[in-house]
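Derivation of every value follows stated rules applied to the coordinates shown; laboratory data play no part. The structure presented is a predicted model; accordingly, all values stated were derived computationally and were not measured. Cβ: placed from backbone, ideal geometry, glycine included. Neighbour counts: every protein chain shown.
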Amino acid sequence: MLNSEKSIAQGIYEETLVEEGFILLKSSNESTVTQHFKREVQSDFIQFHFSVKGQAVFTFNQGNYQLPLLEDHSLLLYNPSQELPMNFTLAPKSWMVSLLVSIKKLHWMFSNEAHYISFLTEENRDRKYYKDELITPSMSIVLNQLVQFNLHPMVKPIYFKAKAFELVSLYFNLPQHVDVEQCPFLVDEVNIGKIKKAKSIIIARMAEPPSLNELALEIGLPINKLKEGFKQVYGEPVFTFLFEYKMEVARQLLASGSLNVNEVGLKVGYSTASHFIAAFKKKYGVTPKKFIMSLSV
């Protein structure tokens, strides 16, 4: 697996060759100004773009057409009749993950099951394809793992490969797709913004998160709407989501070797080592110490 990284001021563009015909790209802009990125893409590649944080704007046809990619949205692009270079701007404090997958590779991934993917069918083989939709909660977890990983360099290639394949499988896991028309809460953009704010708050303060009542007051939603909306948008209750997030952060910190078990527990909000060890074992079936030992083996 080849990996290259390019820094542009406070913007970083990182490209990883997962396999032949399968490329993972990460773009981030931690500066206070919009930044521009560009990459050539062959016409036999499908583009998947995921806005993890902030937003991006794609430009096509020599600047004559623009397509925004909003936070928590994904964008699929495919045009077999012409090349579609990645030409986009990334807003300040934004992160984006992209996958470039050749048609040949995608057919190989799904083999006999490819018939349910519309642009892989014989009648659509030469047609262009475009799709903009919400990122599902399961995809959101994988995307955050790709952006915020903290792993030993030896582990990184196989971790990225596994996550890239997982992301493709989740994208095409049709039953997981959120049907906005069936879910009136999701149609209300104001409420969606408040629920996203709730997620950002509990992640930023995961060591000392607010109570549900405090969180509801802070985002300006009744507590029942917070509970209902959070589960609809992210697939889990607030503190179930937070527990999963904290355990993933803990797993990555332990794998990196940068902190000991007690320090990791404190980092993710456990005041005593015994409580952290019990929580970690509940999630992964092993104690933190045994998890670390398994990595060395």
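Summary table below
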read-out: Near-label residues of the stretch 230-269 by backbone N, under 16 Å of a point 7 Å along Cα→Cβ of L212; value: 230-243
read-out: Derived scalar couplings ³J(HN,Hα) [the stretch 140-146; Karplus, 6.51 cos²θ - 1.76 cosθ + 1.60; whole Hz; x for Gly, Pro]; value: 4, 4, 5, 4, 5, 5, 5
read-out: Cβ-Cβ FRET estimate between Q148 and Q62, R0 fixed at 45 Å, reported to 0.05; value: 0.80
read-out: Dipole moment magnitude, nearest 20 debye, the stretch 195-297 about Cα centre, only Lys, Arg, Asp, Glu C-beta charged; value: 220 debye
read-out: Amide H partners (placed H, <5 Å) of V18, local residues excluded; value: I23, L24
read-out: Theoretical FRET efficiency, 1/(1+(r/R0)^6), r = Cβ-Cβ of T240 and L76, R0 35 Å, to 0.05; value: 0.75
read-out: Per-q log10 I(q)/I(0), the stretch 214-277, q = 0.16 Å⁻¹ (Debye; single scatterer per alpha-carbon; no solvent); value: -0.64
read-out: Which listed pairs, of K53/K131; K225/K282; K231/K290; K26/K199; K194/K283, have C-alpha distances above 26 Å, in listed order; value: K225/K282; K231/K290; K194/K283
read-out: Cβ crowding within 10 Å averaged over residues, with 35-47, 225-237, 94-106 ranked highest first; value: 94-106, 225-237, 35-47
read-out: Where labels lie 7 Å past Cα in the beta-carbon direction, separation of E263 and K227 in nm; value: 4.0 nm
